[in-house]
Amino acid sequence: MKLVSYKTEDREHLGIFIEGHIYNLNSCDKLLPDNMNMFLQGGEVLMERAKRIDDQIKEGSLAAKEEIFYEILAPVPHPTSCRDGYAFRQHVAAARRNRKVDMIPQFDEYPIFYFTNHNAIQGTGEIECMPDHFDKLDFELELAVVIGKKGRNIKAAEADEYIAGYMVMNDMSARTLQMEEMLLNLGPAKGKDFSTVIGPWLVTPDELLQYKVAPKEGHVGNAYDLKMTCRVNGIEVSKGNAADMDWTFAEIIERCAYGVDILPGDVIGSGTVGTGCFLELNGTGLLNDPNYKVQWLQPGDVVEMEITGLGALTNTITKADTDFSILALKKK
């Protein structure tokens, strides 16, 4: 099942996406809430009701009314929190190699994550950036999960049961701001908090069973053979596979939930896939060729991310009409 949040006449709704069409869930079953957050709080009971509606529409036994005029939103427009992990060893190793530092051994000891701005979540559409963001503006190709039920101190062996679904994720990054603040061993903050993109819909785990594979040796949890690509202005710049995750979402959730509650509507990203950002691609290019032409995102660029089974997420980069700069405010 593909769950989608959308807007009509400035009001948010919850629907299901079936073969290019959107159907409102509440109009099919009045016991189903008309927004994603309330739906997720209803847990497995509401999820099963929605799946029955999905099955009935697909088999033709329910003549549901199709939505015609709408604006697609982030599947979870108002997450309770947003964390981003660091699951792909290939990306971490390449980024450190490009900086001429050794691979950090702690990566293989435990998964890590950081909190980002859950109020800056976006879906498909325009991403408006400030002037300072364009000082090395970058994408990050990731996948993400949404938590479907409350839990605490969850063991990795049971953690997949807490996942309501999967999405494409673009962790937008302003690299100059990010590197500036991380010199103080804190962050990332301003380099990340302006936009995190998720979508185009939330895909329930049952739809990914055909892609299931074994996790990396020594790891626990579900893993999936899902091709991941990113195109900028129609040109493929990045490709990877979700099966290359070293730390599984189950293991990341185990760490997230240690001593704290995870809640329905929490979003957790995988971290960047290998080759999944210009920072890594530029670093590798310059390492091999000092004349390599680096690339960063520019106003007007169209970023398309696609993951097998999860759909395609498309955004256009725009520039705010201002010259306000926080980089210019630095004290000397």
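The values are calculated or read from the model by the stated rules, or taken from the named source; none is laboratory data. Just so it is clear, the model here is predicted, and its values are computed rather than measured. Reconstructed Cβ throughout: ideal geometry from the backbone, glycine too, with neighbour counts over all protein chains shown.
Figures for the structure shown
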quantity: Some residue of region 264-280 being over 17 Å from residue 231 (Cα atoms) and in contact with a Ser or Thr (Cβ under 6 Å, 6 or more places away or on another chain); calculated: yes
quantity: Selection count, region 180-189, where residues are surrounded by fewer than 17 Cβ atoms within 10 Å (Cβ to Cβ) and either among the small types (Gly, Ala, Ser) or at pLDDT 95 or above (or both); calculated: 1
quantity: Condition check for residue 144: closer than 26 Å to residue 166 by Cα and within 12 Å of the chain's Cα centre (by Cα); calculated: yes
quantity: Candidate set from region 260-296 (those that are β-branched (Val, Ile, Thr) and part of a loop (DSSP other than H, G, I, E, B)); member that is nearest to residue 164 (Cα to Cα); calculated: 260
quantity: Residue 70, sole failed condition from (1) in contact (Cβ under 8 Å) with a residue 40 or more places away in the chain; (2) more than 22 Å from residue 37 (Cβ to Cβ); calculated: (2)
quantity: Members of region 203-259 that are of a type in the set (Val, Ile, Thr) and either surrounded by fewer than 21 Cβ atoms within 10 Å (Cβ to Cβ) or part of a loop (DSSP other than H, G, I, E, B) (or both); calculated: 204, 213, 220, 229, 232, 235, 237, 248
quantity: Sole residue being in contact with a Cys (Cβ under 7 Å, 6 or more places away or on another chain), surrounded by fewer than 21 Cβ atoms within 10 Å (Cβ to Cβ) and not aliphatic (A, V, I, L, M), chosen from 107, 134, 139, 113; calculated: 113
quantity: Members of region 161-179 found to be more than 18 Å from residue 142 (Cα to Cα) and either surrounded by fewer than 18 Cβ atoms within 10 Å (Cβ to Cβ) or of a type in the set (Ser, Thr, Tyr) (or both), listed by number; calculated: 161, 162, 176, 179
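Listed here are the residues, each with its yes/no results for (1) under 27 Å from residue 20 (Cβ atoms); (2) aliphatic (A, V, I, L, M).
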{"site": "228", "(1), (2)": "yes, yes"}
{"site": "248", "(1), (2)": "no, no"}
{"site": "268", "(1), (2)": "no, yes"}
{"site": "272", "(1), (2)": "no, no"}
{"site": "317", "(1), (2)": "yes, yes"}
